[in-house]
1. When averaged across all projection directions, what area in nm² does the alpha-carbon convex hull of the stretch A:1-108 cover?
2. I'd like the distance between the alpha-carbon centres of the stretch B:117-184 and the stretch B:25-63, rounded to an integer number of Å.
3. Once each part is reduced to its C-alpha centroid, what is the distance from the stretch A:199-252 to the stretch A:31-106 in angstrom?
4. Just to be sure I understand: with springs between alpha-carbon atoms less than 10 Å apart, which residue in B:Leu123, B:Leu98, B:Leu142 has the highest mean-square fluctuation in the Gaussian network model of chain B?
5. Considering amide H positions built from the backbone, and no H for Pro or chain starts, which residues 5 or more places from B:Leu64, or on another chain, come under 5 Å of its amide H?
6. Classify chain B from the C-alpha gyration tensor, please: rounded if a/c falls under 1.5, else prolate or oblate depending on whether a/b exceeds b/c.
7. For n ≥ 4 DSSP H runs only, could you compute -39500 (n - 2.57) per run for chain B, divide by its residues and tell me the 222 nm figure to the nearest 500?
8. Hey, in the GNM for chain A with a 10 angstrom Cα cutoff, which one of A:Ile231, A:Ile121, A:Ile188 fluctuates hardest?
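Please treat every number below as a calculation from the coordinates, not as lab data. In this text, all values refer to a predicted model and were calculated from it rather than measured experimentally. FYI the Cβ positions are ideal-geometry reconstructions off the backbone, even for glycines, and counts take in every protein chain you see.
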Amino acid sequence: MIIKRITVYPGLNKNGEKEGFEELKIVSGNTVSIVGPTGSGKSSLVNDIEMLTQGDTITGRKIFINGKIPPSSFRQDPSKNPIVLITQHTNFLADLPIDEFLRIHAKARRIAAEGTVERTIYLTNKLTGEKVHEKMRMTSLSGGQTRAMMIADAIVIGQAPIVLLDEIENAGIFKKEAMEMVRTEGKIILFVTHDPVVALLCDIRLVMKNGGIVKVHRTTELEKKARKRIIEQDILLSVVRERVRRGEVLSF
Amino acid sequence: MKLMNFAGPPSAGKTAVIKNIIRKLYPQVKVAYLKIDVVMAFEKEELQRDFADLPIQIVYAGDLCPDHASVMVMKDAIQWAMREGSELLIVESAGLCLRCSPYLNQGLGVIVLSMLGGMNSPLKMGPMVSLADIAVVTKVDLISQAEREVFREKIREVSRSIRIYEVNALQGTGTSRLMTELDGMTDIDVDTLKLKGVPPLGVCTICIGKKDIGWDNHFGVIRKLEGADYLYRGE
Ligand SMILES: Nc1nc2c(ncn2[C@@H]2O[C@H](COP(=O)(O)OP(=O)(O)OP(=O)(O)O)[C@@H](O)[C@H]2O)c(=O)[nH]1
Ligand SMILES: Nc1ncnc2c1ncn2[C@@H]1O[C@H](COP(=O)(O)OP(=O)(O)OP(=O)(O)O)[C@@H](O)[C@H]1O
Ligand SMILES: [Mg+2]
Ligand SMILES: [Mg+2]
Ligand SMILES: [Zn+2]
């Protein structure tokens, strides 16, 4: 099925009040950021979308795909699931070696391409400082390595038209590289983020408070202009961060 | 009356899942609940806190395999639940021996599993997984989407036809999809109820493969549901 749009129908916030919108349409090609204080319900929103909930989560939201209730096969068969979710978790609990885990995941998503496992590990290592190798156990990965692997797995094995990323900037992975890897034409991408740069790079910004969406904001022209300057400063900061991490002494 | 048989390793989340199901039905639909455990069970207090008038029975299997115990008490339990006027009987078994399974040829057999028990745990549980109609995977809130999908694949290795549902049983997320299983269920016929699987070799009439349920069809095991603290004690 070709994914044209997701529609979110409002649920209730933590006080039991209806969220401040009637229906929220996200069409293919849109990038959306979800911002708000810790505990405001950002993860719950992306989890609702991933679950394709029909009112049976704590929020009571409903999620439609292409204007309809999605078929149950989306949930029953990972190879038909149009959504990948990179959760906020910073460690795996799967007690398997990396290569075996990836091989089974590729089988579940019916990705038969030669070299899938190798390519996932290669991409993981582009995003992480210390390299991982195929015989390491999933449970031994660090927080940053875990998140790098989740992103690489989502790109190579998930290959879905809808990508949900819960705090891409977390745990010190290379944010810019990760965003570039994920952003391909025609996808719907939602970033839960505390990072203003990630937020400004998106077309739409959802502001959350107290468990509900309180504002749907389209990035303004003024914001788009400011974007360039802010990104430059962010790059400067990340260069400094990398140098400090490598143990260099800075002389401004 | 309809029947659901829940099995799964300790602390998999069986009671949590059952609570979510009862919450969707109670008190409009009359539900009765039976727990078969080894030495200790806390379900009575736990369920009564949420569902004050729910008919509840707890039975201890002692040194007998809890699944064997369930075979023995099942007929009593069904009669008890029918006397209570129940429309649905939910049986939770501690299912510890991993060589047999409590599922019957009627009603719904449900295995409850979580990945926290290990990625390969479905492969180690034999008929408890392979003979179940559906698998409910709990604690998905604690794992990534990729891990969920790999765990699903592990369950599929044991049973191609099993229907898999993923839930966060703490918040009840995913229960609605699970409830669709109840729609297609038919009433049980007590006279033709039989065990689905062949129990392993052993010493009692269940152990030698007799599939009939109820006391009148077996010997070697001793007490009745009523007033039984322990159904059987070894030397
Ligand atoms: N995070 C999380 N915890 C869960 C979930 N389901 C159950 N739990 C917790 O796991 C523990 C065991 O759950 P129970 O429902 O008592 O498990 P059980 O299978 O009935 O256990 P026994 O009857 O003792 O064998 C409890 O502390 C539950 O709160 C879930 O989906 N997510
Ligand atoms: N609409 C709602 N109604 C009731 N509870 C809610 C609602 N939305 C979220 N919650 C609850 O609030 C808590 C925090 O939500 P969540 O984890 O989604 O926050 P977050 O914005 O992702 O926080 P963080 O930035 O720390 O990751 C959770 O326990 C969640 O179940
Ligand atoms: Mg969060
Ligand atoms: Mg229990
Ligand atoms: Zn047994």
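1. 8.5 nm²
2. 23 Å
3. One Cα centre to the other: 25 Å.
4. Ranking B:Leu123, B:Leu98, B:Leu142 by mean-square fluctuation puts B:Leu142 first.
5. Answer set, sorted by chain and number: B:Tyr232.
6. oblate
7. Mean residue ellipticity, 222 nm, calculated: -8500 deg cm²/dmol.
8. A:Ile231
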